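Here's the structure we're looking at; comments come further down.
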Amino acid sequence: MKLRFLSGVVICLVILVYLFYNYYYSVNFPYQDDFLLIQFIEVVSQGGLGFSGLITELFRTFNDHKAVVPRLISLIEYTITGHLNFRFYIVLVSINITYIFYFIYLQFKKTRLPLYYFIPAAFLYFQPLYYDISGWALNGMQHSFLTAFTVTAIILASRRTNLALYGAMLCCFLATFTHGNGILSFPAIIFYFLCFKDFKRAIITGGFMVLCLVIYLAGYESGQAVHLPKDLVLFFSSLFGFIGSAMSLWAFPVFFSAVWGAIIIAFMVYIVWRVAAIYFNKPANIKPGTAELLTLFAFIFITSTVIALFRSWAGSTIASRFQIYASLSTVIFYILLLDYSSFFRKKAVFYGITAFSIFYCVYSYYKFTGFVAIKRTTYLADVYNWKTNRNMFSVEKTIIRNGSFYLIPGYEKGFFHLPKPVAEHDQLDSMFNANSKATRDYALYVEDWKIERAIRDGVEHLTYYFVASHVLPERKGLAGDRFMVLRDQKTGAIHLMNANPKVDARKEIITQGHYYKTGFNTLFRQDDLVPGTYDMGILDIHNNGEKVFYKLDKSLFASGSAYSLK
């Protein structure tokens, strides 16, 4: 009993660390596809739509998806509070992610193994590999609600009653109109019924799927990202890599993800073959919980196949916004290994797996916290930029221009409230004036990166610029934020941008306890700044609110297509 209690405490602590981490790094600021919710509220708030008009707006296609459920959540929140809170949506995502893990735990319980065997599952699942889900409001709501609806449908289907079946169909319907991949929850439920030769319910599920697909295709518009793969090697590497990309933490991520995905798929085929014995008039040794876990994996596999089919033309499908499925695949693989092989229940083997899972979780936090912190600082900077200049640097200028017709009125009408900015224009201006000259040589440099981005009709060539120093300011701590402050010498307009330094070497982190290098690193797109010359400074803001400003010894010249120091 004591060991079970301690195991429960460890699992809960892993979950709480994950929840706190995501809440700390989240910001109530819209990013990219989040603008869809603002546009929806802007249209609805004008009135005169009527019921049919509201339904049309709810079911409108955006980038291949009909995000009805996220739109509905935003409408309910707007009706209650009068505005949208994107940090609240991220909290909902964290709740969904925890609920999905609870589904995994329910299936683990059926194995009747001691709870401590479940500890590695928590470490393998609750880590920031899929930070684009846990920290991006609309993307997170789509993937987490979709998966939460799917696992709920599996739970209901497992009850094998007519009422539960219709409940499962409702969940699949909601999944479909949360994210385009949600339609694939229907084949997963069909797979579940076929595991028990329940053809009647499988056929009923197929009928509901056809009906749901007809509704989905009404008014459907194909997105720009849909295209067939260029070759089979790219398709299969994407297919396997999607499922195995939990291994993308290491060197050669595409290769090791594909290998890991192939291993997982091979094992799942073996388990399905055991389940399929029922079709050959042989006793099927299906352990409790196996069919449910296989069904969730079937959904992931079908999703992987569809995504690889239509998106692998642009390269590997290894991307953070999909990797919750990779983490789930690894956890499902682990639990079925425990259940079907006594070798993995041996103490020495289990201790090894547990040690690796802890290392894996810690390494994931090490690898991705830099990216997550950059997103947080970028959004905090854009809170200031939007309130002060009606501008932002978290997205490309074309997105802002295309969305300005609803972003600006949506903000001015109060459809989305932003938190208090980290600093005000006058305060930043006074910091520049109080530090008219830099007192040190910051060893500044500009680095340019040539980027090739795959688009539907070919390749788009871009250039990113980095203004950086590896010398000064002094090393920042793990918490807090570092900003680049830019003042236009001609107009006096002041902008904030992320300036978090690069992550230090692993050896330095282990021996010295430093996560960040000294200095700073700021990304500029070619057209981020209006042409002109800008004074530069670095602003550190600690968790207690203390501000430290460093006036840099050079100015930045923006030509509109390139950057240089003066």
> Considering only protein heavy atoms, what per residue accessible area in square angstrom results for the chain with a 1.4 angstrom probe?
Replying inline: 43
>> Multiplying the sequence separation of ALA164 and LEU106 by 0.36 nm and subtracting their Cα-Cα distance, what value in nm do you get?
In response: 19.1 nm
>> At a threshold of 8 angstrom on Cα-Cα distance, excluding pairs fewer than six apart, so keeping six or more, what relative contact order does the stretch 284-406 reach in percent?
In response: 13
>> Between LEU211 and LEU49, how high is the FRET efficiency from 1/(1 + (r/R0)^6) when r is the Cβ-Cβ distance and R₀ = 35 Å? Nearest 0.05.
In response: 0.85
> When the accessible area of the chain is computed with all protein chains present and a 1.4 Å probe, what percentage of it is carbon and sulfur?
Replying inline: 64
> For LYS490, which aspartates and glutamates qualify as cross-link partners when the Cα separation must be under 20 Å and same-chain residues fewer than eight apart are set aside?
Replying inline: GLU424, ASP426, ASP429, ASP527, ASP528, ASP535, ASP553
> Within the stretch 121-159, what residues put their amide N at less than 17 Å from the label point 7 Å along the Cα-to-Cβ vector of TYR464?
Replying inline: 131-132
> Which value, in debye to the nearest 20, gives the size of the charge dipole of the chain about its Cα centre, when Lys and Arg are +1 and Asp and Glu are -1 at the Cβ?
Replying inline: 1960
>> Normalised radius of gyration for the stretch 1-48, please: alpha carbon Rg relative to 2.2 N^0.38 Å, two decimal places.
In response: 2.10
> For the stretch 366-389, list residues with backbone N below 12 Å from a point placed 7 Å from the Cα of LEU478 toward its Cβ?
Replying inline: 366-367, 369-370
>> Using only DSSP helix segments of four residues or longer, with each worth -39500 (n - 2.57), what per-residue ellipticity at 222 nm results for the chain after dividing by its residue count and rounding to 500?
In response: -18000 deg cm²/dmol
> Any idea what the relative contact order of the chain is, in percent, if you count C-alpha pairs under 8 Å spaced at least 6 apart?
Replying inline: 14
>> Let me cross-check ASP504: its accessible surface, 1.4 Å probe, with only protein heavy atoms counted, in Å² to the nearest 10?
In response: 20
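Subtract the Cα-Cα distance of ASN281 and VAL91 from 0.36 nm times their separation in residues, and report this length gain in nm to one decimal.
Numbers: separation 190, 0.36 × 190 = 68.40 nm, distance 4.88 nm.
Contour length minus Cα-Cα distance gives 63.5 nm.
Ignoring ligands, DNA and RNA, how do SER45, SER74 rank by accessible area with a 1.4 Å probe, largest first?
The ordering from most to least exposed comes out as SER45, SER74.
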> Using Cα-only point scatterers and the Debye equation, what is log10 of I(q)/I(0) for the stretch 480-566 at each q in 0.14, 0.15, 0.16, 0.22 Å⁻¹, rounded to two decimals?
Replying inline: -0.56, -0.63, -0.70, -1.07
> If the label point is 7 Å along Cα→Cβ of THR305, which residues in the stretch 173-192 have backbone nitrogen under 16 Å from it?
Replying inline: 181-192
> Once a ≥ b ≥ c are taken as the square roots of the eigenvalues of the Cα gyration tensor of the stretch 358-465, is the result rounded (a/c under 1.5), prolate (a/b larger than b/c) or oblate (a/b not larger than b/c)?
Replying inline: rounded
>> Report, in listed order, any pair from LYS397/LYS437; LYS367/LYS397; LYS109/LYS346; LYS287/LYS367; LYS197/LYS346 with a Cα-Cα distance greater than 26 Å.
In response: LYS397/LYS437; LYS367/LYS397; LYS287/LYS367; LYS197/LYS346
>> Given the options CYS12, VAL269, THR176, identify the residue whose Cα lies farthest towards the positive end of the charge dipole of the chain (+1 on Cβ of Lys, Arg; -1 on Cβ of Asp, Glu).
In response: VAL269
>> Please compute the alpha carbon radius of gyration of the stretch 437-487, then divide it by the globular-protein estimate 2.2 N^0.38 Å. Two decimals is fine.
In response: 1.68
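For each pair in LYS387/LYS554; LYS476/LYS551; LYS517/LYS547; LYS420/LYS502, compute the distance between the two Cα atoms and list the pairs where it is over 22 Å.
LYS387/LYS554; LYS420/LYS502
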>> At 7 Å along Cα-to-Cβ for each site, give me the label-to-label distance between SER341 and LYS387 in nm.
In response: 5.5
> For ARG321 and ALA348, FRET efficiency with R0 = 30 Å and r from the beta-carbon atoms, rounded to 0.05?
Replying inline: 0.20
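Report, in cubic angstrom per residue, the convex hull volume of the C-alpha atoms of the stretch 346-421. Before the final figure, lay out each step's value.
On the way: hull volume 11.0 nm³, N = 76.
Cα convex hull per residue, to the nearest whole number: 145 Å³.
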> When all protein chains stay in place, what accessible area (Å², nearest 10, 1.4 Å probe) is found for GLU412?
Replying inline: 120
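The values are calculated or read from the model by the stated rules, or taken from the named source; none is laboratory data. Since the structure is predicted, the reported quantities are computational estimates derived from the model, not experimental observations. Virtual Cβ from ideal backbone geometry, glycine too; neighbours counted across all protein chains shown. Note: areas computed on protein heavy atoms with side chains; ligands, DNA, RNA excluded. Shrake-Rupley method; radii C 1.70, N 1.55, O 1.52, S 1.80 Å.
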